[in-house]
Every structure is written in C-alpha cells, then in structure tokens.
1. Summing -39500 (n - 2.57) over the DSSP H runs of n ≥ 4 in the chain and dividing by its residue number, what mean residue ellipticity at 222 nm do you reach, to the nearest 500 deg cm²/dmol?
2. Could you list the GluC sites (Glu not before Pro) in segment 33-65 that lie in coil according to DSSP, counting only those with at most 12 other Cβ atoms within 10 Å of their Cβ?
3. Any idea what the dipole of segment 161-230 comes to, in debye rounded to 20, about its Cα centre with Lys/Arg Cβ at +1 and Asp/Glu Cβ at -1?
4. Considering only 27, 194, 101, whose Cα is most displaced toward the positive end of the charge dipole of the chain, charges sitting on Cβ of Lys, Arg (+1) and Asp, Glu (-1)?
5. Let me have the relative contact order for segment 266-321, percent, based on Cα pairs under 8 Å that are six or more residues apart.
6. Could you tell me which of 149, 159, 327 has its Cα farthest along the dipole of the chain towards the positive end, charges placed at Cβ (Lys, Arg +1; Asp, Glu -1), taken about the Cα centre?
7. So what are the ³J(HN,Hα) numbers for segment 93-108, from phi and the Karplus equation (6.51, -1.76, 1.60; θ = phi - 60°), rounded to whole Hz, Gly and Pro as x?
8. About the Cα centre of the chain, how large is the charge dipole given +1 on each Lys and Arg Cβ and -1 on each Asp and Glu Cβ? Please answer in debye to the nearest 20.
Amino acid sequence: MASVLMEDIAEMLVAPGKGILAADESTGTITKRFASIGVESSEETRRDYRELLFSTEGLSKYISGVILYDETLRQSTKDGVRFADLLAEEGIIPGIKVDKGTSLLAFSEDETITEGLDGLRERLQEYVELGARFAKWRAVLRIGAGAPSQYGLDTNAHALARYAALCQEIGLVPIVEPEVLMDGDHSIDECYAVTESVLKTVFDELYKQRVVLEQMLLKPNMIVSGANCPEQAGVDEVASKTIYCFGQTVPAALPGIVFLSGGQSEEDACAHLSAMNSMDSRRPWELSFSYGRALQSTALHAWQGKTENVAAAQRALIRRAALCSSARDGRYDPSMEK
Ligand code: 13P
C-alpha cells in the first residue's frame, strides 16, 4: 500500500458505507475508560482490548481505517501478528495519532495548545515504516467567557497546518481535527459562530502552509447545543446548521469530512450523521464518521475485561459499526436500535 497516492488513501477512507474507527486513546484516556468498567490498565489489557476490536469479523465491511495510538502501532496480537498487519490484511487502513496532547497556552488560564511538533518529521518517518498510511492531530477549543480567543485560534490552527504539511511531505494523509468541545451551557448558535471562526482560521493556515486539500481529511465537531444548555437543538436543526456552516468554510477540493462524536450518545451520533447525508442540499464532500466513543462504548461495557465476554463485545462493535455505516449513507433510523 506504500505506493498508493495520498489522494487515493483519502478517498478510500471515505468510501461509500465506510468510516473510521478512532481507537487512538492515549494511555491516560484509555485508563479512564477502563476505570469506568473496573478494569486495570496495563500494556496487556490494552493489547487485549485492541485485539478484540481489530479482530472483529467483518469489520472491514463498515470500517475503512483505524486510528491507533503509538503503543498500539507497536503491539501485536497474542499470536504475534502486528496490529498494523492484521488490519491491512483485512483491508483496513492503519492510521496513527501523532499529537502529544494539550497543555495550557502561555498567558492563558483556560485555553490549550496541542504539543508534538518538535521532532515530528522523524517520528512520521518511523510511523510510515511501521505501516501507518494516515495520521491525526487534535486541537481542542473550549467555548467560555472570552474563549476561544483569536490568539487561541491562531496558534492552534498554525500547529495543525504545520503538522499537516509535514505529513504530506512524507506521504501520510493528515486528518486535521479542530474540536470545539460540547462542554458548557452555550447555545447551538454559539457553537456555530465559534466553529465557523475556527474553520476559517484553520483553512487560512492550511493555505498559507501549502497543504494540499485533495490529500487530507477534516475531522470536526458537529454544530450542536452545549451539553448543559437547557434548550437542546433537535436532529434536523443540528444537521442543517452543520451543513450550512461547512458550506461557508470548507473548500470543495476536500474529499471528505469525518465527524468526531465528542461525547454525543451513540444514537445521536448516528441520527445527526444520517440526517446530514439524507438532506437534499448541495455539498461537494463525503460526510462520514471517525468515531471513538460512539463506536466503542457498548463494546467496552460488554467486555468488562473478561475473555468470556469477547464475542459479545465484538457483536456490539459490529452492530454499532453497521449502524454508523447506515448513517454514513443516510439510511439510519432510530427504530434500527431495537
Ligand atoms: P470521539 O468520537 O469519542 O470524540 O473520539 C474521536 C477522536 O478521535 C477524538 O480525538
């Protein structure tokens, strides 16, 4: 697959009926997820869980690519098959999260900047050798009093573009992820306004830093009400505001938009994506998913860290993947949950 063009990898990732499984939780994040089911996080339990996910039979029918974490890209199944090889043999493209998480932005009390640019060119080279064909970098923007500031937007967009340019220089498809968090009591219109500025700033920086739009994917939040907003927007409003916002900000040359789930319920993440894909509106890009929690939650809880639950957890994963696939094609209906 090494010789496949970046344009082709980007298009394969958003192929009809398919989307991305985000399984790139850092050790800190997966430890929190495991704590919620009372499982200790060790190199071995993390390997067992990722093996369960990636060896689910039939996954490639719905999943085009999997985003891995550094540790996982270096791990193998119990039988000694490298995860990157296992996925590639199933026809699933291995990807890698390359950012090093967030830290507090200088002179700021609540805004963050994503770290990981130092030495990135060398790390990317190694990731290509280990079998990764695409990458991900997540910037985090929180809505609050005076936040995000223009300073927060500019610095995060600059880092995203530096990452994306380095990826393309080496032949990895960058997934550019500027996430406006759902946390807070802001309205859907505030989410719209912030997301619009974020995307304008990000595409301006991508242009300045010569990133080729045909060779990347965007991984954004949907336009939704804050998690604690007393008035929650319904499915049609979320779908129409999201499509309108992206129509105003995302160039047509981009092959696809792969949404994050960001803490939405599994059902909402499907309903929103399906509504967008079934809307009768002009849109130049594929609209798909790159879900973490909205694909894994039920499977994680079914597993409980026990070998005897592996089959049940895999059934839960394939079921969610099939439902997300229906949503990606605009065919999801909440009655399918029964
Ligand atoms: P969620 O879908 O759980 O938001 O995870 C996607 C992701 O990769 C966040 O960076």
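1. The helix contribution divided over the chain gives -14000 deg cm²/dmol.
2. Within segment 33-65, the qualifying GluC sites (Glu not before Pro) (loop, at most 12 other Cβ atoms within 10 Å) are 40, 57.
3. Rounded to the nearest 20 debye, it is 340 debye.
4. 27
5. Contact order relative to length: 32 percent.
6. So the residue we want is 327.
7. So the J values, rounded to whole Hz, are 7, x, x, 9, 6, 10, 7, 10, x, 9, 9, 5, 5, 4, 6, 10.
8. Using Cβ point charges on Lys, Arg, Asp and Glu, the chain gives about 520 debye.
The values are calculated or read from the model by the stated rules, or taken from the named source; none is laboratory data. These figures come from a predicted structure and were not determined experimentally. A quick note on method: Cβ atoms are made from the backbone with ideal geometry, for glycine too, and the neighbour counts reach across all protein chains shown. SASA here: full protein model, heavy atoms, side chains in, ligands and nucleic acids out. Shrake-Rupley method; radii C 1.70, N 1.55, O 1.52, S 1.80 Å.
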